[in-house]
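One structure is given below, encoded as structure tokens.
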């Protein structure tokens, strides 16, 4: 997740908020559909000042917001003292060391107020006496059962043991429950982001079996590399010729990460006419 929205993301979000298609936006702004589409594309390179001003006026936002220079859609004259944030917090928000965009999305989530309320209850120790009282109550009942019944044979005693309430675990459960819904919703909202990792099936049973097969294969490094290339690309092994392997080795030798390249030098088959030895003059 990027710290700031890109110009393209801002334009796409503003259009989506109004439920407009590119055709409708083109009619309303008198900017061609192709231009609007290019502005919202992840590969766009430039946008004219005229288009910036026109779109900012149409959406009712500042040009600084569209250009990514500000996170405020409208010019704000809010007195910073009214936020009741100390200097350390303001310095941290300005430092760029944390993801302010993510922090903002967490704060705006519908369940954040509940999470903050739960934290306040714990900090002010409002619920401590109730949790402690419940723990004491169950401890007394557990002792009564232990005196009357054999602990290992009584199901009721075991149930009371499971109901033993510990303050840290109790509050941790509350906080995790609050944050789970917040993080889940934000995660789902960013599934299509370019920076979001895509599903990868590398660690499948099939791939694990192939890796094990390669490790146990009694063959040269050259053959193991060819097999690995076959597995990775889906090209059948019998379709990969010696010429293909030679080319692959020469290509990989250009990378400093291909450490086994030197071990296979001289083992590759040369195809084509051999050059004769140069005569000494």
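The values are calculated or read from the model by the stated rules, or taken from the named source; none is laboratory data. Being a predicted model, the structure only gives us computed values, none of them experimental. Backbone-built Cβ (ideal geometry, glycine too); neighbour counts: all protein chains shown.
Things worth noting here:
- Residue check for residue 212: at pLDDT 65 or above, over 34 Å from the mean Cα position of the chain (by Cα), surrounded by 10 or more Cβ atoms within 10 Å (Cβ to Cβ) and assigned to a helix (DSSP H, G or I): no
- Residue within the range 107-121 that is outside any loop (DSSP other than H, G, I, E, B), more than 28 Å from the chain's Cα centre (by Cα) and under 30 Å from residue 179 (Cβ atoms) present: yes
- Hey, residue 58 within 29 Å of residue 184 (Cα to Cα), touching a helix residue (DSSP H, G or I) at 6+ places or on another chain (Cβ under 6 Å), in a helix (DSSP H, G or I) and not assigned by TED's automatic domain parsing to the domain that holds residue 173 or not: no
- Scanning the range 5-30 for residues that are outside any helix (DSSP H, G or I) and under 16 Å from residue 42 (Cβ atoms) yields 5, 6.
- Pairs meeting the criteria (first residue in the range 22-35 and in the same structural domain as residue 57 (by TED's automatic domain parsing) and under 15 Å from residue 54 (Cα atoms), second residue in a loop (DSSP other than H, G, I, E, B) and modelled with pLDDT of 90 or more, beta carbons under 7 Å, at least 6 apart or on different chains) are 26/32.
- Positions within the range 84-103 being surrounded by 11 or more Cβ atoms within 10 Å (Cβ to Cβ) and within 21 Å of residue 193 (Cβ to Cβ), in sequence order: 98, 99, 100, 101, 102, 103
- Residues (surrounded by 13 or more Cβ atoms within 10 Å (Cβ to Cβ), under 31 Å from the mean Cα position of the chain (by Cα) and modelled with pLDDT of 85 or more) located in the range 38-61: 38, 39, 40, 47, 52, 55, 56, 59, 61
- Picking from residues in the range 67-89 that are modelled with pLDDT of 85 or more and not in a loop (DSSP other than H, G, I, E, B), the one that is nearest to residue 104 (Cα to Cα) is 89.
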